[in-house]
Structure formats: C-alpha cells, structure tokens
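> Encoded as structure tokens, here's the structure I'll be asking about.
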C-alpha cells in the first residue's frame, strides 16, 4: 500500500484529530504492516479508515449514537429477519419463472436481501457479530440494488418514475435498509456477547415484525390517515430515539427500532401531503432541531442520565 492510500484513510478522520494524531497513526500503521502481506495490510487500512469514519460520524463505542446502535442491534436483527422470512414464504408461494433479465436481477436482489437478513439474525443469536454485520451490509446493498432496479423499470419510467417510485418502494424496502444499517453502524467493541435476554429480544422482534408486513397494505384504513397522524407516527419514535442524548437508552432503543418502520411506511404519503420534497425538508429540519433542543433542555451532568448505569439493556 502506498502513501496515497494511507493519506486517503487518514482523510476520513476529523481535521483536528488528524492534525493532533495523524503522524502517530501513520507510524503505528507502518509498524503493524511492516511484515504483513497485501491482504493483511488492506485489512489494517480498512480498519484505520473505518474508525476515522466512525469518529467523524460520532458512531464510536463511547458516543450516544454508537451505544444506541449497539443496544438496538438485537431488535433490529430480529425484526429484519422476521420480515425476510415472511417475504420469502410469500414470494415462493407466488413464484413465477422470470421472463426477462431485469426480472431475474430483481429476483436475485430479493433473495440475497432476504437470505442475508435471516442469516444475520442467526449470527447474532450465536454471538458472531462480525458475520452478522457483514451480512447486514449485504442486506443493505441488496436493498439499494433492488430500489435502483425498480426505479429504472421502463413501466415506472413511463408513469413518471423517479422520486415517486423510490418512495413508493421504500415503504417495503425501507425497514430492511434502516434496520440493517443499525447493525452496520454499531461499533464492534460495544456489541456484547448475547445473553438469554438479548436472544429473547431477537426472537420476539422476529415474531412481531411479520404483523407489520400485514399492516403495510393499501387496503388498511390507516393508509388514509391525515398528515398530523402520520407525522406523529414518525415524530414520537424519533423523539424517543433522541433521548439517547441524555442516556435514556431504555426509551431510546425501542424508539429507534420502531422509527425504521414508521418512517419507511409514512415517508411517501407525507411527501405527497406536504406538497413535495422542498416543503418537506425544511419542515423536517425544524422538527429535528426542535426535538434535539427539547431533549437537551436541562441536560443532567451525569453521563449515564436517567437510564441508569451504563445504559445497557442486559438481564
């Protein structure tokens, strides 16, 4: 690996951190990879850059965001696996041979998406977090591929395509993507060996999430909800998730887990009812800013906050 790739990895670190410790990081990297092969060096370089990205995004094991992702991971893994299992059974029962290369690619993305999601939950149950996070990353990539294939389908292009089709499909693909990203975002050193309580969380969320699939139907009466109700379905879990800033992880974890679903199924309708993205974005920015201010109001001086202890949901 040349100096160019090393500088690229260090560029992912926040500027101040890079100025203060950049030379030290480069020296440690050089010592660690002095006698290493190409594969080992590439892995060290990837780890170096990944940690810089975590520092930049605030997703370290000591930050509120990183700890929240780690604590939510069992719920997220189970939820996405439950959705995937139902989707595979339903698709298999209605299976038809693909009639074009595009349909074949869509089916491939679909089965990779669902298969990796189920395997990821199995890895979590076994305490294999590295495998679980890699499989979750595969799930997220498969969702992105599926969305791109759906959006570029000629039929949808004829009907308008673009953002409308993306948000329409996001109602079903969104929970897969967001729950998988929770696992990917969780810092490895903050993910504990699963206890029976945490394994129970995986199984319980896997059993509950299929009911969400049944509810995500345009024949359900709640699909005709007015904008205030839809906004409440998004804002309440979001406010719960933001309480992680005060260390209230018992409240924040179910909030983040629920937000992946409520945001996905309501985003398309909220976008249409507000009159477009340019009206939705300022409204969303003001809402999040107000919520952060509300959560941080009279913030306690202790780091654990009202959640107690270190905020872990362990039995």
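> For the pair residue 21 and residue 100, how long in nm is the line joining their label points, each one 7 Å along Cα→Cβ?
It works out to 5.2 nm between the two label points.
> In nm, to one decimal, how far is the modelled label at residue 31 from the one at residue 5, with both set 7 Å along Cα→Cβ?
2.2
> Now a separate question. Which residues among segment 229-254 fall inside the zone where the amide N is under 12 Å from a point 7 Å beyond the Cα of residue 197, along Cα→Cβ?
So the set is 250.
> Okay, next question. Based on the Cβ-Cβ distance from residue 208 to residue 131, what FRET efficiency comes out when R0 is 25 Å, to the nearest 0.05?
The formula returns an efficiency of 0.55 here.
> How would segment 10-84 be classified by its alpha-carbon gyration tensor: rounded, prolate or oblate, with rounded meaning a/c under 1.5 and the a/b versus b/c comparison settling the rest?
It is oblate, given that a/c is not under 1.5 and a/b is not larger than b/c.
> Provide the packing ranking of 251-264, 29-42, 102-115, 10-23, i.e. peptides ordered by the mean count of other C-beta atoms within 10 Å per residue, highest first.
The packing order, highest mean first, is 251-264, 102-115, 10-23, 29-42.
Just so you know, all these numbers are worked out from the coordinates, no wet-lab data involved. As the structure is a prediction and not an experimental result, all values here were calculated from the model. Reconstructed Cβ throughout: ideal geometry from the backbone, glycine too, with neighbour counts over all protein chains shown.
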